[in-house]
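**Student:** Dumping the structure here so I can ask a few things about it.
The values are calculated or read from the model by the stated rules, or taken from the named source; none is laboratory data. Predicted model, so just to flag it, every value in this text is computed and none were measured. Here Cβ is always computed from backbone atoms with ideal geometry, including for glycine, and neighbour counts include all displayed protein chains. Please note that ligands, DNA and RNA were not included when accessible areas were found on the heavy atoms of the full protein model with its side chains. Shrake-Rupley method; radii C 1.70, N 1.55, O 1.52, S 1.80 Å.
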Amino acid sequence: MKKSIDILCAGEVLIDFIGHEMNTSINRTKDYHRFLGGSPTNLAVNAARLGLKSVLVATCGEDGLGEYIVRKLKANHVITSQIRISESHPTSVIFVSKSTSTPDFIPYREADCQIEQSQIPNDLLESAKIFHTTCFALSKNPARTTIVESAKRAKALGLQTSIDINFSERIWPDREEASEVLKDYLSTNPLVKLSEDDCYRLFTEEKTENFIFDYFHSLGASTICLTKGKDGVVLSNVDYGRFHQKALPVEDIKDTTGAGDAFWTGFLYAQLLNKNFEETITIAQKLAVLKLQNVGRLPEGIDIQEYLISDL
């Protein structure tokens, strides 16, 4: 079958209510602005902005926020055929503080985890190149079972799987369960993205790079990308080895929300273009920088593809 879809994103779609005041706690934030949110949702939208064909498998409520979600996805040219509208669960929302570092958040989860097997048929998988999800999406059933089983089918069909291990104890308080589910998903040999903050939350203490890479390689992942904020990125591949790339300079950070999703969109985009790992990390970093300088979605009025591949 012809591969008509570049990236299939399965997971949470929700509304981010991001605080208006910079570096203010949620306790003291007075005003919030509404944004389309959810890590796989951000990635699907970013991918479409880069000219890729992206489909989002997700569930929202039959309410005004759900209508807003579908309208925004269509406006951003994301394929919405696999969005399920739940009559029994309202759209999930998250309140987020605006921050130049890791933002604080309060989740109110309802419809986002109601993803069913019927939303990911085999013919959809056969038409895709990459199957992507997140730790957030795996934290609750029925989405967890649906996504893990679909990832295994995807792997059998020859797709490259992918995961952002955006672990948070607020989303998934049972770390032992999380470790078992991640072990199951990583058996598909996904491209893995995780941050130092993710690792600290998952292991409840600081771990060395050697520990982190050995741990996730042992679960079946060949390629692991560890983001370290201002200290750059370290990539480890079982065949290629390990290398560190310094962070790119960023002027005038507007908001960090979604920067990790932009980074990983750039990473997968570069891999689809068959770029080497150094070029891939550079492209990923450049897209993250662009996001850090903007609140909400990536900016209009710029040829993002040209921006990403310039100076390579």
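**Student:** Of the residues VAL289, VAL233, VAL250, which is within 21 Å of HIS132 (Cα to Cα) and not charged (D, E, K, R)?
**Tutor:** Numbers: VAL289 fails: within 21 Å of HIS132 (Cα to Cα); VAL250 fails: within 21 Å of HIS132 (Cα to Cα).
Only one candidate qualifies: VAL233.
**Student:** Please list, ordered by first then second residue, the pairs with beta carbon atoms under 9 Å, 6 or more apart or interchain, first in the stretch 172-187 and farther than 15 Å from THR133 by Cα, second basic (Lys, Arg) and open to solvent by less than 70 Å² (accessible area, probe 1.4 Å).
**Tutor:** If the second residue must be basic (Lys, Arg) and open to solvent by less than 70 Å² (accessible area, probe 1.4 Å), the pairs left are ARG175/ARG201.
**Student:** Out of all the residues in the stretch 78-86, is one or more surrounded by fewer than 22 Cβ atoms within 10 Å (Cβ to Cβ), among the hydrophobic types (A, V, I, L, M, F, W, C) and within 24 Å of LEU308 (Cβ to Cβ)?
**Tutor:** Yes: one or more hits.
**Student:** If THR257 meets every condition in (1) under 20 Å from the mean Cα position of the chain (by Cα); (2) at pLDDT 95 or above apart from one, which number is that one?
**Tutor:** Status for THR257: all satisfied but (2).
**Student:** Please go through the stretch 241-264 and pick out each residue that is more than 20 Å from GLU196 (Cβ to Cβ) and surrounded by 13 or more Cβ atoms within 10 Å (Cβ to Cβ). Show your work before the answer.
**Tutor:** So in the stretch 241-264, the residues more than 20 Å from GLU196 (Cβ to Cβ) come out as 241, 251-252, 254.
Residue satisfying the conditions is LYS254 alone.
**Student:** Looking at the stretch 5-17 only, could you name the residues that are modelled with pLDDT of 95 or more and open to solvent by 10 Å² or more (accessible area, probe 1.4 Å)?
**Tutor:** ILE5, ASP6, listed by residue number.
**Student:** If you go through the stretch 207-224 one residue at a time, do you hit one that is part of a strand (DSSP E or B), under 23 Å from the mean Cα position of the chain (by Cα), surrounded by 15 or more Cβ atoms within 10 Å (Cβ to Cβ) and not charged (D, E, K, R)?
**Tutor:** Yes, there is a match, as at least one residue in the stretch 207-224 is part of a strand (DSSP E or B), under 23 Å from the mean Cα position of the chain (by Cα), surrounded by 15 or more Cβ atoms within 10 Å (Cβ to Cβ) and not charged (D, E, K, R).
**Student:** Pull out all pairs, ordered by first then second residue, where Cβ-Cβ is under 7 Å, the residues are six or more apart or on different chains, the first lies in the stretch 136-151 and is in contact (Cβ under 8 Å) with a residue 24 or more places away in the chain, and the second is of a type in the set (Lys, Arg) and in a helix (DSSP H, G or I).
**Tutor:** Taking only residues 6 or more apart or on different chains, the pairs are LEU138/ARG144.
**Student:** Answer yes or no as to whether ILE94 is part of a strand (DSSP E or B), of a type in the set (A, V, I, L, M), buried (at least 18 other Cβ atoms within 10 Å of the Cβ) and touching a residue at least 40 places away in the same chain (Cβ under 8 Å).
**Tutor:** So ILE94 fits the description; yes.
**Student:** Still on this structure, please answer the following. Would you be able to tell me the number of residues in the stretch 265-312 that are in a helix (DSSP H, G or I) and over 19 Å from LYS193 (Cβ atoms)?
**Tutor:** Of the residues in the stretch 265-312, 5 are in a helix (DSSP H, G or I) and over 19 Å from LYS193 (Cβ atoms).
**Student:** While we're looking at this one, here's another question. In the stretch 36-52, which residues are touching a Ser or Thr at 6+ places or on another chain (Cβ under 8 Å) and open to solvent by 20 Å² or more (accessible area, probe 1.4 Å)?
**Tutor:** Of everything in the stretch 36-52, just one residue is touching a Ser or Thr at 6+ places or on another chain (Cβ under 8 Å) and open to solvent by 20 Å² or more (accessible area, probe 1.4 Å), namely ASN42.
**Student:** Look through PHE277, PHE263 and report the one residue that is in contact with a Lys or Arg (Cβ under 9 Å, 6 or more places away or on another chain) and closer than 20 Å to ASP6 by Cα.
**Tutor:** None of the others qualify; the one that does is PHE263.
**Student:** A follow-up question, please. Can you pull out the strands (runs of 3 or more DSSP E) entirely within the stretch 1-42 that have at least 3 residues that are among the aliphatic types (A, V, I, L, M) and within 18 Å of ARG297 (Cα to Cα)?
**Tutor:** 14-22
**Student:** Testing LYS230 on (1) at pLDDT 90 or above; (2) outside any loop (DSSP other than H, G, I, E, B); (3) within 28 Å of PRO103 (Cβ to Cβ), one condition comes back false. Which one is that?
**Tutor:** With (1) at pLDDT 90 or above; (2) outside any loop (DSSP other than H, G, I, E, B); (3) within 28 Å of PRO103 (Cβ to Cβ) applied to LYS230, the lone miss is (1).
**Student:** While we're here: Within the group PHE131, PHE167, which residue is within 23 Å of LEU52 (Cα to Cα) and touching a residue at least 12 places away in the same chain (Cβ under 8 Å)?
**Tutor:** When all the criteria are applied, what remains is PHE131.
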